[in-house]
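Structure, as structure tokens:
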Amino acid sequence: MAYTGAGLLASKLPTQAHAYVAGVGEISVALVGCGGRGTGAAAQAIQADPAVRLVAMADVFDDQLQNSFKGLSMKLADSGQIKVSPETMFVGFDAYKKAIDRADVVILTTPPGFRPVHFEYAVNQGKHVFMEKPLATDVIGIKRILAAGKLAKQKKLNVIVGLQRHYQKNYLTAHELVQKGKIGDIVSGQVYWNSPGVWVRKRQYQQTELEYQMRNWYYFNWICGDHILEQHIHNIDVANWFIGSIPLSAQGMGGRETRKGRDHGHIFDHHFVEFTYPEGQIISSQCRHQRGCMNRVEEVFQGTKGHLRINSENFASINSNNGKSIYQHVDQGDVNPYQQEHNLLFTAIKSGTYQFDDVPNGANSTMTAILGRMATYSGQVLTWDQAMASDLKLVPDLNSFNDLAPVVPNTEGHYPVPVPGVTTFI
Amino acid sequence: MTHPSLVSTPLENYEETVLGDQKIIKMRAIASGNYAMGSMDGGFQNKGVQSPQYEVYVDAFWMSEKEISWEIYQEFLYREKDHIRADDYGDLVLEIDGLSAATMPYVNFNVTNHPVIDVTQYAASMFCKWLSAKTGRFYRLPTEAEWEYACRAGTTEPYSFDPNLIDDYAWYADNSQGTFHPSGLKKPNSFGLYDMHGNVAEWVLDHYDPKGYDTALDSGHFFLRKESLYPRVFRGGSWRDPKEALRSSERDYSSPKLKQRDPQLPKSLWWHTDAPHIGFRVVRSNKILNLDEMNLYWGSPIKEY
């Protein structure tokens, strides 16, 4: 198959002669990370503007790339906007470079452990970026993201981060009302992502340890960052956004109570964190992946004058502290926030304007969740500054599935789980 | 179209014990009969065409007295107790191991003691198939004709109750406080069925045909199925609808909007991101069908891009 040996192919054939070359007024897009979310994001990019051309795809897994291409073709072949050929499907650990090289805009939707490397490369090559949250799994990654973000700003490259609540009408409206003082000053809040959990991809015969971890990535800290980061970042991000600041410190607790099988890696199944903000505000953050328990995914804030309850189902409700309804959001066919991210990005790019720099907020929200994870893993109070000084590198440089995996199971097939009070800092 | 066979023995109410503990589905026996399906007027805001009214015969069946709860649906979701089978296992032979397993919900607002929500019609049907394998009895979603027959419970007026007493019988926009509620808190209809009007709307088997009932056939076992994912019918109105949308004949139907905030491609077979107002209840018919026939009722998955 030509695309699996793309590096070899590139040296033999002048690929430019075969690859699609964007025409005048067209915007070429490359997809890096062809899972369900990446495929969805590529479809949203294509639907955002008729000028968009998907010209290249990259993944470490050939089957995943092929399924993604098949899905996109089923949905959007008639649009004429899919210009990916076997020569521009790149598989492997360095595939991202080849795909990014071919595009004006890149979509970065691999698991978060790889985001810093991909974003850095995209910015160095002068590309506009849509990238999914979270932006890293460790502090070293955060710093690379921030540095690349600065460069993107200098180069006037638009960057949107998939914290889609920032592009959802009920959140934007409620945020404006809070800014106007409708609930007074926020003094406290509770943010939740409590659910039964997510998928598991069981170990397959003949997989190397690294391939297994990259398939079943949700359960490995180096690539996922634990669910307090991978999912709960959305709710923590809303806390930072509505308070208007990052926290000063965090302390919390967590562990593995019900989800602790061999295919569950080493992440926790629950975390509860208290974040303290500069004006003394406290945010209680809870996230749980346990079956049969209360489910709740939303944010609540208490202010000096009123309180707000808000969630992703286009719901927002503000009441005064004496019980009067101040605002009730009515969904009037609100635009899908996942689509809106791409609509805005491509409008800006098409008109040649520099409008979006989501990197500082995306990095701060990622870091806040990492701070929370460090607090629950260690059982200590940690300040933002202490956490930012961490030089623990979770993600090694990886070049092949035969490389040593970042964590190794014991003889029973279990991975080392952080122990509060013993684990110093992760 | 085969003519429905007459049921010789009168059906009785019973309790289906799902897991040998408190997880029970109470089933109400509903006698066969004729009724006028649909209504003469255009329906609330002309949403689902429900005319012309026409006479339908419905065979006897059982229907769950409440909407299927999250507690019971979770057992299907997690599949941890598949080895436990009903003590009085029925005649149906269906292997449970090969049944499709639902994925975890991406965003989940399901609540203890409440009806399951945000489920696709396919997910509801696969629950029925799983329940059939657990019990040895053939469970499925109701046809639209069965659903309305059960909802009307012999009445011909817009609701199965005095509209002045709607707050005794139904959760809807004016009294729901913006959310759904445990099924069974309001009064039942005369068939003993709770929350047919309001609370969560309920999936039925039929596709929605904008031509209305013009081409409908005179059989309660008829249901309209097309090889497309949308639009499919859900009935009864919900906690977020005005009371007019709760009338016995009102029809609503699905569209891709119910998954619009699903960020993945392909989209989930199992979950809607935008259907906190849709659940389902199950029926059991008294007819013996072979597996192929039962599979027609349960349907097959359709990938959505």
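Evaluating residue A:133 against the criteria (1) open to solvent by less than 10 Å² (accessible area, probe 1.4 Å); (2) touching a His at 6+ places or on another chain (Cβ under 8 Å); (3) not hydrophobic (A, V, I, L, M, F, W, C) leaves one unmet condition, (1). Pairing residues of the stretch B:64-79 that are within 14 Å of another protein chain (Cβ to nearest Cβ) with residues that are polar (S, T, N, Q) and open to solvent by 20 Å² or more (accessible area, probe 1.4 Å), at Cβ distances under 8 Å and at least 6 apart in sequence or on separate chains, gives B:69/B:113; B:70/B:112; B:70/B:113; B:71/B:112; B:71/B:113. Restricting attention to the stretch A:298-310, the residues that are within 14 Å of chain B (Cβ to nearest Cβ) and either surrounded by fewer than 17 Cβ atoms within 10 Å (Cβ to Cβ) or modelled with pLDDT under 95 (or both) add up to 1.
Of all residues in the stretch B:167-189, those satisfying the criterion of being of a type outside the set (Ser, Thr, Tyr), open to solvent by less than 50 Å² (accessible area, probe 1.4 Å) and more than 18 Å from the chain's Cα centre (by Cα) are B:173, B:175, B:178, B:186. Of the residues making up the stretch B:54-71, not a single one is at pLDDT below 85 and either open to solvent by 20 Å² or more (accessible area, probe 1.4 Å) or under 23 Å from residue B:247 (Cα atoms) (or both). For the stretch A:65-76, the criterion of a residue being modelled with pLDDT of 95 or more, open to solvent by 50 Å² or more (accessible area, probe 1.4 Å), away from chain B (no Cβ under 14 Å) and part of a helix (DSSP H, G or I) is satisfied by no position.
For the stretch B:190-210, filtering for residues that are at pLDDT 95 or above and surrounded by fewer than 19 Cβ atoms within 10 Å (Cβ to Cβ) leaves 2.
On the basis of being under 13 Å from the mean Cα position of the chain (by Cα) and at pLDDT 95 or above, does residue A:136 make the cut? Judged against the criteria, residue A:136 is a match.
Can you tell me which condition residue B:195 does not meet? The list is (1) on the phi < 0 side of the Ramachandran plot; (2) touching a Ser or Thr at 6+ places or on another chain (Cβ under 7 Å); (3) assigned to a loop (DSSP other than H, G, I, E, B), and all the others hold. Of (1) on the phi < 0 side of the Ramachandran plot; (2) touching a Ser or Thr at 6+ places or on another chain (Cβ under 7 Å); (3) assigned to a loop (DSSP other than H, G, I, E, B), only one is false for residue B:195: (1).
Would you mention how many residues in the stretch A:77-97 are open to solvent by 50 Å² or more (accessible area, probe 1.4 Å), more than 14 Å from every other protein chain (Cβ to nearest Cβ) and out of contact with any Ser or Thr (no Cβ under 9 Å at 6 or more places or on another chain)? Adding up the residues that qualify gives 3. Among the criteria (1) part of a helix (DSSP H, G or I); (2) free of Cβ contacts under 8 Å to residues at least 40 places away in the same chain; (3) of a type in the set (Asp, Glu), the one residue A:341 does not fulfil is (2). Selection of the stretch A:366-399 for residues being open to solvent by less than 10 Å² (accessible area, probe 1.4 Å) and among the aliphatic types (A, V, I, L, M) yields A:367, A:369, A:370, A:371, A:374, A:375, A:382, A:387.
Look through the stretch B:89-132, keep the residues that are without any contact (Cβ under 8 Å) to a residue 40 or more places away in the chain and out of contact with any Ser or Thr (no Cβ under 6 Å at 6 or more places or on another chain), and return whichever of them is least open to solvent (accessible area, probe 1.4 Å). Ranking the qualifying residues of the stretch B:89-132, first place goes to B:96. Looking across the stretch B:32-49, the residues that are modelled with pLDDT of 85 or more, in a loop (DSSP other than H, G, I, E, B) and over 18 Å from the mean Cα position of the chain (by Cα) come down to B:32, B:39, B:49. A single member of B:274, B:292 is of a type in the set (D, E, K, R), closer than 24 Å to residue B:240 by Cα and out of contact with any strand residue (DSSP E or B) (no Cβ under 8 Å at 6 or more places or on another chain), and it is B:274.
The one condition from (1) within 12 Å of another protein chain (Cβ to nearest Cβ); (2) at pLDDT 95 or above that residue B:252 does not meet is (1).
Applying the set (1) in contact with a helix residue (DSSP H, G or I) (Cβ under 7 Å, 6 or more places away or on another chain); (2) surrounded by fewer than 22 Cβ atoms within 10 Å (Cβ to Cβ); (3) within 14 Å of chain A (Cβ to nearest Cβ) to residue B:301 leaves exactly one unmet item: (3). Residues of the stretch A:183-200 that are touching a residue at least 60 places away in the same chain (Cβ under 8 Å) and surrounded by fewer than 18 Cβ atoms within 10 Å (Cβ to Cβ): A:184, A:185, A:187, A:188, A:198, A:200. All of (1) within 14 Å of another protein chain (Cβ to nearest Cβ); (2) at pLDDT below 95 hold for residue B:116 with one exception: (2).
All of (1) surrounded by fewer than 24 Cβ atoms within 10 Å (Cβ to Cβ); (2) at pLDDT 95 or above; (3) closer than 30 Å to residue A:293 by Cα hold for residue B:153 with one exception: (3).
Just so you know, in the stretch B:34-46 the residues that are surrounded by 14 or more Cβ atoms within 10 Å (Cβ to Cβ) and not aromatic (Phe, Trp, Tyr) include one that is farthest from residue B:144 (Cα to Cα), and it is B:43.
The values are calculated or read from the model by the stated rules, or taken from the named source; none is laboratory data. Not measured: the values here are computed from a predicted model. So basically every Cβ, Gly included, is an ideal-geometry build from the backbone, and we count neighbours across all protein chains shown. To get the accessible areas, we keep the full protein, side chains included, count just its heavy atoms, and leave off ligands, DNA and RNA. Shrake-Rupley method; radii C 1.70, N 1.55, O 1.52, S 1.80 Å.
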